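Here's the structure we're looking at; comments come further down.
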Amino acid sequence: MTRPLLVDTDPGCDDALAILLALEHADLEVVGLTTVHGNAPVDATTHNARAVLELVERPDVPVSRGADLPLISPLETAEHIHGIDGIRGDLPEPSSATQPVDSHAAQFIVEQARAHEGELTVAAVGPLTNVALALAIEPELPALLDELIVMGGAAFAPGNVTPLAEANFHSDPEAAHRVVRDADPTVIGLDVTRRATLPASWIEGLPRDDPLGRSIYEWATYYTEAVLERYGLETAAIHDALAIAQVVDEDILELESHFMEVGIDSELDRGALVCDPHGVTGERPNGRVAVDNDVDVDRYRELVIDAVDRALEVQ
Ligand code: BDR
Ligand code: CA
């Protein structure tokens, strides 16, 4: 039996590979993509989500456009990392087949959670504005879901936007604060997703003679030399794909239950994921967090490579 999965996303090069993995895995049924501001404004991320679906010939997957602004913070985008329109690649112009549904993403998340009560996994791999709004509409959302997996924060390491904060959480700290406090999430942070790289030799072997092969190559190589050097990586971290890999194989990561909170009080702590592994706050655990031990990178790579192979075969 397939598991229903909704991906809340801001494509984004690593988002695109996450979407491809979700669409290609036989155990998953993608019930929709909800889009959010993040790597680019929401008009662009919605356009990109539709273009990815058209590229992989899955225009049947519903797209729901979401929040164009964070709850309180000013908009913060990352075209300098992901490309001019928030994504790289040789993408088609979306057709009417992928026209977004009428429901706002927050409403769509609630609708899908109710339609698949107790069975839906939501993988949120962008800023958490849509999920926070969904929680505001339906406070019982966590109970309606099988699981909420979040790519965000840097629980036990420095951030990538400020010394303390990771991009998804820093883009909407108030939303991340609400979701981490109230939505019983499984949080996969930057300290762990930095391991989600792909082998350089495999990337170089990708066929680049058609739009899909070229796009996958560009998604897998979205870090500049300067970014690779800064983080001591050989190839780009495909953060969001690790969240999807965890949905299909829960042995890839080691999770621990801890009390977590997202900073919203000062410029210094805005968007920082603060985790209490030793229980010094006396607060009860409010979710699970991935820890950087025993990450099964080989298994993760196998899943992504299989998905890419299947997508390329169909073309
Ligand atoms: C996260 O931020 C975005 O730029 C990526 O798509 C990923 O979701 C990594 O910090
Ligand atoms: Ca993302």
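The values are calculated or read from the model by the stated rules, or taken from the named source; none is laboratory data. Treat the numbers as computed from the prediction; the structure is a model and nothing was measured. No Cβ is skipped: glycine too gets one built from the backbone with ideal geometry, and neighbour counts run over all protein chains shown. Areas reflect the complete protein model, heavy atoms only, side chains present, ligands, DNA and RNA absent. Shrake-Rupley method; radii C 1.70, N 1.55, O 1.52, S 1.80 Å.
Taken together, the criteria place L268 among residues that are over 18 Å from V122 (Cβ atoms), open to solvent by 10 Å² or more (accessible area, probe 1.4 Å) and either in contact (Cβ under 8 Å) with a residue 60 or more places away in the chain or in a strand (DSSP E or B) (or both).
So which of R310, R270 ends up being charged (D, E, K, R), more than 15 Å from G159 (Cβ to Cβ) and at pLDDT 95 or above? Explain how you work it out, then say what you get.
Details: R270 fails: more than 15 Å from G159 (Cβ to Cβ).
The conditions single out R310.
Taking first residues from segment 179-203 that are farther than 21 Å from I264 by Cβ and without any contact (Cβ under 8 Å) to a residue 40 or more places away in the chain and partners that are surrounded by fewer than 20 Cβ atoms within 10 Å (Cβ to Cβ) and hydroxyl-bearing (S, T, Y), the Cβ contacts under 8 Å between residues at least 6 apart in sequence or on separate chains come to A200/T235; I203/Y217; I203/T221; I203/T235. Pick from segment 1-13 the residues that are crowded, with 24+ Cβ neighbours inside 10 Å and away from ligand 1 (no atom under 14 Å from the Cβ): which of them is nearest to I109 (Cα to Cα)? By that ranking, first place goes to L6.
Each row is one residue, and each column tells you yes or no for (1) assigned to a strand (DSSP E or B); (2) under 16 Å from the mean Cα position of the chain (by Cα); (3) more than 22 Å from V110 (Cα to Cα).
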{"position": "D15", "(1), (2), (3)": "no, yes, no"}
{"position": "L20", "(1), (2), (3)": "no, yes, yes"}
{"position": "A26", "(1), (2), (3)": "no, no, yes"}
{"position": "G32", "(1), (2), (3)": "yes, yes, no"}
{"position": "A40", "(1), (2), (3)": "no, yes, yes"}
{"position": "T45", "(1), (2), (3)": "no, yes, no"}
{"position": "V61", "(1), (2), (3)": "no, no, no"}
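Residues that are in contact with a Phe, Trp or Tyr (Cβ under 8 Å, 6 or more places away or on another chain), away from ligand 2 (no atom under 14 Å from the Cβ) and either open to solvent by less than 10 Å² (accessible area, probe 1.4 Å) or more than 22 Å from V122 (Cβ to Cβ) (or both) within segment 29-86 comprise G32, S64, listed in sequence order.
Answer with yes or no whether E261 is part of a strand (DSSP E or B), open to solvent by 10 Å² or more (accessible area, probe 1.4 Å) and acidic (D, E). Reasoning before the result, please.
Values: part of a strand (DSSP E or B): yes; open to solvent by 10 Å² or more (accessible area, probe 1.4 Å): yes; acidic (D, E): yes.
In short, yes.
Where residues in segment 144-169 are open to solvent by less than 30 Å² (accessible area, probe 1.4 Å), touching a residue at least 40 places away in the same chain (Cβ under 8 Å) and not in a loop (DSSP other than H, G, I, E, B), which of them is farthest from ligand 2 (Cβ to nearest atom)? For segment 144-169, the residue satisfying everything is A165.
Each row is one residue, and each column tells you yes or no for (1) free of Cβ contacts under 8 Å to residues at least 12 places away in the same chain; (2) crowded, with 19+ Cβ neighbours inside 10 Å; (3) within 16 Å of ligand 2 (Cβ to nearest atom).
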{"position": "S95", "(1), (2), (3)": "no, no, no"}
{"position": "D102", "(1), (2), (3)": "yes, no, no"}
{"position": "A106", "(1), (2), (3)": "no, yes, no"}
{"position": "L128", "(1), (2), (3)": "no, yes, yes"}
